[in-house]
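Each remark here refers to the structure printed beneath this line.
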Amino acid sequence: MAACLTGVCLVCSAILGGVYAMTKEPIEEASRKALLEALAVVLPAEGEVNPEAQFIEFDGKNYEYYVQTLDTAVVCWAVKSAVGGFGGPLTLLVGVEKGGVVHATRVLSHSETPGLGAKCETEASFIDQFKGFDTSVKSLKVRKDGGDVDAITASTITSRAYAEAVSNAVKVVKKIQEEVQ
Amino acid sequence: MSKFSIITRGLVKENPTFVLVLGMCPTLATTTSAMNGLEMGLATMFVLILSNIVISLIAPVVPDKVHIPVYIVVIATFVTVLQLLMQAYVPQVYATLGLFIPLIVVNCIVLGRAEAFAGKNGALDSALDGIGIGIGFTLSLTVIGVVREILGSGSVFGWKFIAGDGILAFVMAPGAFLVMGYLMVLFNKLAKK
């Protein structure tokens, strides 16, 4: 009885080990490709992107970021920023230029309600408002909270989280710049 | 029982969703659109066929006292294999179904078929049973997904025919129960004839 269960478990773990070893490479490849795609969306076309992640601590949380350089000068940062949304963490990649101007944003993962909050990934009118969003003149808050972000209809919580994630990314970049100087 | 009727039985007489009413968690949760329902159905079918075959082969030598743990280990192995393969080769699909793939392990249909059918029948019949029940499950999920997507988003398989929003409640949990309930009534009414 015990021998049978042990035998089955041994065979199964051997199979899993094999499949894991076989798929390790493609899985890493797929996630690297997804990251590069996201970086291409949120950063300007010209310049070199360093695909090595760097880390900085801000407000008690560890942020992952990527640097884009043009002729050895840093021109843009891409920060991975996660905030609790309606259904779970909403993780964005935010491209930020010097002076706190948002270049573009992209959703990396979310668990928002399909048909409502999930539109933060697809609705162009919502996503595009962050392109070139200048934080020195506009406020990264939804209009309901007195800011300049147009929320997705019936998804204020998701929109609020999105704006907060972008806002955090901008603050992180500000800190990165301060530390470098 | 003829080989053919083993397959067709899973479609109507023992339809896992509308007649046996098994595996409700993924059914209600993943059918927010037709495509999601179809993908979830296919993923479950993959596990169902393979676990049915393996379990029918090992059942004669597994002592009665440990047969449930052994079945669960076999099922869990196939689910993890599926999860790794999906992550590696279809990351987009994996991103939408994500959490519900590991949950196939506890889907009552898979263990239910192992207990009720594969444990007592040969490998070929068990494979056919897996195909039949799998197709029944996939079709049911796709139909629920189609109805919810039409009412909730005004589209079918992502093809939009009504501009703007649909009745949003149908994309969310309450809509899942409503659509499921009405389809179950309709299905059983038609199947009885």
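Mind checking whether some residue in region B:115-123 is of a type outside the set (S, T, N, Q), touching a Ser or Thr at 6+ places or on another chain (Cβ under 8 Å), within 14 Å of chain A (Cβ to nearest Cβ) and under 11 Å from B:Leu48 (Cα atoms)? Checking region B:115-123: not a single residue is of a type outside the set (S, T, N, Q), touching a Ser or Thr at 6+ places or on another chain (Cβ under 8 Å), within 14 Å of chain A (Cβ to nearest Cβ) and under 11 Å from B:Leu48 (Cα atoms). Taking the criterion of being closer than 21 Å to B:Phe18 by Cβ and either more than 14 Å from chain A (Cβ to nearest Cβ) or polar (S, T, N, Q) (or both), the residues of region B:148-178 that qualify are B:Val156, B:Phe177, B:Leu178. Looking at region A:111-120, can you tell me whether even one residue there is in contact with a helix residue (DSSP H, G or I) (Cβ under 8 Å, 6 or more places away or on another chain), at pLDDT 85 or above and assigned to a strand (DSSP E or B)? No, there is no match, as no residue in region A:111-120 is in contact with a helix residue (DSSP H, G or I) (Cβ under 8 Å, 6 or more places away or on another chain), at pLDDT 85 or above and assigned to a strand (DSSP E or B). Criterion applied to A:Val49, A:Val83, A:Val67, A:Val79 was being in contact with a Gly (Cβ under 9 Å, 6 or more places away or on another chain), surrounded by 12 or more Cβ atoms within 10 Å (Cβ to Cβ) and not aromatic (Phe, Trp, Tyr), and the one residue passing it is A:Val79. If you filter region A:101-135 down to residues that are surrounded by fewer than 17 Cβ atoms within 10 Å (Cβ to Cβ) and small (Gly, Ala, Ser), you find that the one that is farthest from B:Ser153 (Cα to Cα) is A:Gly132. Here A:Ala73 meets each of (1) modelled with pLDDT under 90; (2) within 14 Å of another protein chain (Cβ to nearest Cβ); (3) loosely packed, with under 15 Cβ neighbours inside 10 Å with one exception, condition (2). Consider region B:72-114 and keep the residues that are away from chain A (no Cβ under 14 Å) and over 16 Å from B:Asn36 (Cα atoms). The one that is modelled with the lowest pLDDT is B:Val106. Close Cβ contacts (under 9 Å, 6 or more residues apart or on different chains) running from residues in region A:26-41 that are more than 8 Å from chain B (Cβ to nearest Cβ) to residues that are of a type in the set (Phe, Trp, Tyr) comprise A:Leu35/A:Tyr66; A:Leu39/A:Tyr66. Of the listed requirements (1) away from chain A (no Cβ under 14 Å); (2) farther than 11 Å from B:Asn107 by Cβ, B:Leu57 misses just one: (1). Quick check, is A:His103 touching a residue at least 12 places away in the same chain (Cβ under 8 Å), in contact with a Gly (Cβ under 7 Å, 6 or more places away or on another chain), within 14 Å of chain B (Cβ to nearest Cβ) and not small (Gly, Ala, Ser)? Taking the combined requirement at face value, the residue does not satisfy it. Residue count for region B:148-166 satisfying the condition of being more than 26 Å from B:Met45 (Cβ to Cβ) and either among the basic types (Lys, Arg) or surrounded by fewer than 15 Cβ atoms within 10 Å (Cβ to Cβ) (or both): 5. The set of residues from region A:51-85 being acidic (Asp, Glu) and farther than 26 Å from A:Ala118 by Cα comprises A:Glu52, A:Glu57, A:Asp59, A:Asp71.
Filter region B:1-28 down to the residues that are charged (D, E, K, R) and surrounded by 17 or more Cβ atoms within 10 Å (Cβ to Cβ), then identify the one that is nearest to B:Val185 (Cα to Cα).
Looking at the filtered set, the residue picked out is B:Glu14.
B:Val47 versus (1) away from chain A (no Cβ under 14 Å); (2) under 30 Å from A:Leu10 (Cβ atoms); (3) of a type in the set (A, V, I, L, M): which is the lone unmet condition? Status for B:Val47: all satisfied but (1).
The values are calculated or read from the model by the stated rules, or taken from the named source; none is laboratory data. Quantities reported herein were computed from a predicted structural model and do not represent experimental measurements. Note: ideal-geometry Cβ built from the backbone for every residue, glycine included; neighbour counts use all protein chains shown.
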